[in-house]
Amino acid sequence: MPLLKEDTHAQQSKLAEYCKTGVKPDLIGVIQENLHHYRRLVFNIGIDTIETAYPITYRFLPDEIWDKLVYDFYAEHKCKTPQVWRMPMEFYEYCVEKDIQAKLGYRFLNDLLYFEWLEMEVHTMDDIAYPPIKTEGDWLNNILALNPEHKLVKFTYPVHMLAATELEGKAGDYFLLMYREKESGRVQCMDISILYAYILEQLQNGATLQEILTEADTLFQINNFEMLKEHALNFVNDLKQREFILGFLNT
Amino acid sequence: MQLKDNKHIGIGFRKDFSEELLASDILKPAFIELAPENWIGMGGYWKKQLDKAAEKYPITCHGLSLSIGSPDDLDLDFLHKIKKFIKQYNVQIYSEHLSYAKCDNAHLYDLLPIPFRKDAVKHIISRIKQVQDVLEMPLAIENVSYYTPVAAEMDEATFISEIVNGSGCNLLLDVNNVYVNSFNHKYNAKEFITKLPLDKVAYIHMAGHEQISDTVIIDTHGEAIIDPVFDLFEYTTVLLKPVPVLLERDFNIPELEELQGEITRMETIVSKTWKKEHAIA
């Protein structure tokens with residue numbers, strides 16, 4: 001049998017709901033003129049957290065649209081995470097679920113929000129153990145060791161390259177490599193082609209460059225292995241310079 | 001709890017000044033306090049900063065989202081993450097607010113007032129015991145500031161005392177919150193303190209606040225501590241055994257010299273009353 005009586009639970013629920021919606025509750029024994037402080041304090045924490053996480057979207061959307069979006073999110077959504085800094089991820093998921101981009105007529109909104117969240121996620125995500133590496137090896141036939149703290153993402157709009165005001169009409173296939181530098185913790189972004197995205201994806205899966213390029217030569221109908229190899233080695237070398245490719249996996 | 005340099009006053013570890021704190025000796029806290037919610041599962045730059053801080057200072061934890069007064073079930077998965085964090089950083093004190101921040105499966109990320117009622121007392125006692133069983137250490141609960149009571153059937157001091165005595169937990173006495181509540185609800189702060197189970201006080205919080213009208217003070221942690229709160233602190237320390245004391249400053253962060261000034265002032269106060277103590281049990 002629950003120790004908390006239904007009426008006490010109801011009083012707590014009404015106050016919590018008021019903080020979410022701003023609709024005045026019927027509560028027992030409250031100081032009416034002070035009640036609004038709770039709504040204000042709760043709502044301000046939510047707004048500050050979301051605006052800090054999505055500064056580009058916040059600046060891009062007209063104030064009245066942004067305010068309504070945040071208001072609706074707080075009123076309709078039940079935040080699940082106990083960690084407030086992770087809450088903006090739920091804001092993104094809410095916008096996707098409610099198809100806000102279609103309602104507002106900004107077809108790139110989901111990509112923009114995800115890009116902004118991703119930057120925060122890569123910066124803060126839990127440390128991932130680096131693989132054992134060796135510095136000497138064969139670029140084509142050894143498995144390459146990658147910085148494990150990265151995300152490889154496909155976007156429909158080039159949200160990582162253009163200002164939000166320039167995105168309309170730019171739909172296509174865009175690939176972004178985002179990774180965290182080991183020592184500084186800084187987040188780096190690289191726009192890459194679909195071919196290089198494919199190569200990276202296969203490297204992640206543990207294939208050798210020779211295996212990947214043999215497949216890619218046919219898959220992308222290049223039919224010029226030597227040229228493909230030259231470009232791929234340049235790409236890999238660039239990633240090595242950027243310390244994204246760490247060396248050769250020491251198995 | 002062994003404190004740095006046998007002093008008593010710590011400071012809330014904020015990202016805003018973490019670099020300066022770690023790189024200089026302007027601030028000389030005996031320990032640092034952090035909210036585990038803000039650090040659990042975080043890697044990269046901030047994890048490195050946290051690890052550096054843990055090498056330099058003892059750590060206490062002050063939770064935000066356990067929601068001990070919630071009608072909802074306890075989030076045991078989250079509680080186990082806290083336990084792991086506490087062990088990892090050798091945390092000696094874990095405290096939470098006597099309030100609720102989650103209701104009907106929605107987190108609100110702020111502290112709402114619990115109805116001061118008998119059934120709420122029993123409910124919270126049961127939850128505190130559950131938390132202490134999982135963590136295998138005592139929980140310290142903090143008296144929170146509140147701007148309105150809700151459906152109260154007893155006074156605040158009785159509510160707090162019954163929970164502390166019934167659960168066997170410790171009390172985190174927030175002196176600023178007593179001051180804020182005594183102003184907002186027009187009671188005598190010193191009398192209120194004497195009604196609390198002072199033998200259970202394991203930790204003290206001190207902070208600044210903002211008076212926004214003739215009748216309301218908001219507990220902001222964004223201002224310097226005012227003299228009447230220092231006076232109430234001095235009054236309180238005479239009644240207590242030595243415990244760690246925390247300066248909370250979460251917003252509107254001033255130069256570190258100013259924060260150190262507040263730490264020094266509190267250290268001077270406790271050195272008069274707790275002068276013979278070197279370590280805090």
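Checking the Cα-Cα distances for B:Lys118/B:Lys195; A:Lys5/B:Lys129; B:Lys52/B:Lys275; A:Lys182/B:Lys52; B:Lys15/B:Lys48 against a 23 Å cut-off, the pairs over it are B:Lys52/B:Lys275. Accessible area of B:Leu247 (1.4 Å probe, protein heavy atoms only, ligands and nucleic acids ignored): about 0 Å².
Which aspartates and glutamates have a Cα lying under 13 Å from the Cα of B:Lys87, excluding residues fewer than 8 positions away in the same chain? Reachable aspartates and glutamates: B:Glu136.
In this Cβ point-charge picture (+1 for Lys and Arg, -1 for Asp and Glu), the range B:4-273 has a dipole of about 900 debye about its Cα centre. Distance between the modelled labels on A:Ala75 and A:Asp7, one decimal in nanometres: 3.1 nm (7 Å Cα→Cβ projection).
Between chain A and chain B, the total buried accessible area stands at approximately 4000 Å², from heavy atoms with a 1.4 Å probe. One chain, two ends: A:Glu183 and A:Gln204. Fully extended at 0.36 nm per residue, the span grows by 5.4 nm beyond their Cα-Cα distance.
Compare the peptides A:21-28, B:237-244 by average per-residue count of other Cβ atoms within 10 angstrom and give them in order, highest first.
Values: A:21-28: 13.9, B:237-244: 17.9.
Peptide ranking by packing, descending: B:237-244, A:21-28.
From its DSSP helices (H runs of at least four residues, each -39,500 (n - 2.57)), chain B gives a residue-normalised ellipticity at 222 nm of -12000 deg cm²/dmol.
Rounded to the nearest 10 degrees, the angle from helix A:6-21 to the longest Cα principal axis of chain A is 60 degrees. Counting only residues at least eight positions apart within a chain, or on another chain, the lysines with an alpha carbon under 20 Å from that of B:Lys190 are B:Lys200, B:Lys241, B:Lys272.
For the protein assembly as shown, the per residue solvent-accessible surface stands at 44 Å², with DNA, RNA and ligands left out and a 1.4 Å probe.
For a Förster distance of 30 Å, can you work out the FRET efficiency between the beta-carbons of B:Asp73 and A:Asp126, rounded to the nearest 0.05?
Details: r = 26 Å, r/R0 = 0.87.
Efficiency at R0 = 30 Å is approximately 0.70.
If you line up the long axis of helix A:225-241 against the longest principal axis of chain A, both from Cα atoms, how many degrees apart are they, to the nearest 10? Once rounded, one gets 50 degrees. For A:Lys24, a cut-off of 17 angstrom between C-alpha atoms picks up these aspartates and glutamates, skipping any fewer than 8 places away in its own chain: A:Glu33, A:Asp72, A:Glu76.
The alpha carbon centroids of the range B:221-236 and the range A:51-127 are separated by 39 Å.
Expressed as a whole percent, the accessible surface of the protein assembly as shown that belongs to carbon and sulfur atoms is 50, based on a 1.4 Å probe.
Helix A:32-53 and the longest principal axis of the C-alpha atoms of chain A enclose an angle of approximately 10°. Across peptide A:36-48, what mean number of C-beta atoms from other chains lies inside 10 Å of a residue's C-beta? Mean partner-chain Cβ count within 10 Å for A:36-48: 3. Each of B:Ile212, B:Ile59, A:Ile133 was placed along the dipole of the protein assembly as shown (beta-carbon charges, centred on the mean Cα), and the one lying farthest toward the positive end is B:Ile59. Site pair B:Lys190 and A:Asp138 shows an inter-label distance of 8.7 nm when each label is modelled 7 Å from Cα along Cα→Cβ. Quick one: go through the range A:116-137 and flag any residue whose amide nitrogen is under 16 Å from the point 7 Å out along the Cα-to-Cβ line of A:Lys240. Inside the label zone: A:133-137. Placing pseudo-labels 7 Å out from each Cα toward the beta carbon at B:Asn6 and B:Leu22 gives an inter-label distance of 3.0 nm.
Peptide packing: for B:133-139, A:143-149, A:104-110, the average count of neighbouring Cβ atoms within 10 Å per residue gives the ranking A:143-149, A:104-110, B:133-139, highest mean first. Simple point charges give the picture: +1 on the Cβ of Lys and Arg, -1 on the Cβ of Asp and Glu, and for the protein assembly as shown a dipole about the Cα centre of about 1320 debye. Counting other Cβ atoms within 10 Å, which GluC sites (Glu not before Pro) in the range A:153-230 have at most 11 and lie in a DSSP loop? Here the sparse-neighbourhood loop sites are A:Glu183.
The values are calculated or read from the model by the stated rules, or taken from the named source; none is laboratory data. Small disclaimer: the values here were computed from a predicted structure and weren't measured. Counting neighbours? That spans all protein chains shown, and the Cβs are built from the backbone with ideal geometry, glycine included. To get the accessible areas, we keep the full protein, side chains included, count just its heavy atoms, and leave off ligands, DNA and RNA. Shrake-Rupley method; radii C 1.70, N 1.55, O 1.52, S 1.80 Å.
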